[in-house]
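Here is the structure we will look at, set down as structure tokens.
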Amino acid sequence: MNDVLQQEGLELHVYGSIVHEAEPLLKQLIDKSRQEHILSTTPKDAATRFVDMKAIQNWFYKGRLAMMLVRSSDGDLAGMDWFATDEHAQVSDSHFTYAHRLYKGYLGRGLSTPFCEAAHDAAGHLLGEQKVWLTTEQTNVSAIATYEHVGYKTIGLDGTRLVMTKQLQLDMTTV
């Protein structure tokens, strides 16, 4: 895993389904999805995706691969990234979308890029060399910079949102 994340005492937990050990993290996810910066950019997290344990269960059953960034010392959920099967009209050669969330207390500490890199490395091992896509608001300058830094390229616009793609790599040096 990335040196920056290790120095911060953070570790990546990867889940393809709900497991008993993840329940404390999922309970935190319900609360952290209501943070102001999450509500302002992705209100669907608090309104439907992560409103309660039943909603989270249903969300996982739709083929999600969740990467949870967790503080080792106390199990605090620092962030969550995920890859999911989904389609986008502008991306005919990809069936996976990517989402990135970093929670209060972890913002502004230089963690987004190393977290994205670690999540993409893990996904490359699990999903193989697939193209993934995401959308983000054109005004979300810091997110765009992070996505470009980890290799995303803008391929178009969907309303006010940029559509970006990246090729996952299978890096055998990290196996």
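The values are calculated or read from the model by the stated rules, or taken from the named source; none is laboratory data. Given the structure is predicted, the values throughout are model-derived calculations rather than measurements. Ideal geometry is used to build each Cβ from the backbone, glycine not excepted, and the neighbour counts take in all protein chains shown.
Structure summary
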| item | result |
| --- | --- |
| Residue tally, condition assigned to a helix (DSSP H, G or I), surrounded by 14 or more Cβ atoms within 10 Å (Cβ to Cβ) and out of contact with any strand residue (DSSP E or B) (no Cβ under 8 Å at 6 or more places or on another chain), over region 21-38 | 3 |
| Those residues of region 39-73 which are more than 21 Å from L127 (Cα to Cα), in contact (Cβ under 8 Å) with a residue 40 or more places away in the chain and surrounded by 13 or more Cβ atoms within 10 Å (Cβ to Cβ), in sequence order | T41, T42, D45, V70, R71 |
| Qualifying positions in region 96-107 - of a type in the set (A, V, I, L, M, F, W, C) and in a loop (DSSP other than H, G, I, E, B) | L107 |
| Some residue of region 91-105 being among the hydrophobic types (A, V, I, L, M, F, W, C), modelled with pLDDT of 95 or more and closer than 17 Å to L126 by Cβ | yes |
| Scope region 134-149; condition surrounded by 17 or more Cβ atoms within 10 Å (Cβ to Cβ) and either at pLDDT 95 or above or among the hydroxyl-bearing types (S, T, Y) (or both); matching residues | L134, T135, T136, I144, T146, Y147 |
| Of the criteria (1) touching a strand residue (DSSP E or B) at 6+ places or on another chain (Cβ under 7 Å); (2) closer than 17 Å to L134 by Cβ, which one D45 fails | (1) |
| Answer residue from region 39-74, given it is assigned to a loop (DSSP other than H, G, I, E, B) and within 15 Å of the chain's Cα centre (by Cα) and is modelled with the highest pLDDT among those | F50 |
| Scan of region 74-85 for residues that are under 22 Å from L168 (Cβ atoms) and surrounded by 22 or more Cβ atoms within 10 Å (Cβ to Cβ), ordered by number | G79, M80, D81, F83 |
| Residues within region 165-175 that are part of a loop (DSSP other than H, G, I, E, B) and modelled with pLDDT of 95 or more, tallied | 0 |
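Each row is one residue, and each column tells you yes or no for (1) within 22 Å of Q6 (Cβ to Cβ); (2) touching a strand residue (DSSP E or B) at 6+ places or on another chain (Cβ under 8 Å); (3) in a loop (DSSP other than H, G, I, E, B).
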{"site": "R109", "(1), (2), (3)": "yes, no, yes"}
{"site": "A123", "(1), (2), (3)": "yes, yes, no"}
{"site": "E129", "(1), (2), (3)": "no, yes, yes"}
{"site": "T139", "(1), (2), (3)": "no, no, yes"}
{"site": "I155", "(1), (2), (3)": "no, yes, no"}
{"site": "V163", "(1), (2), (3)": "no, yes, no"}
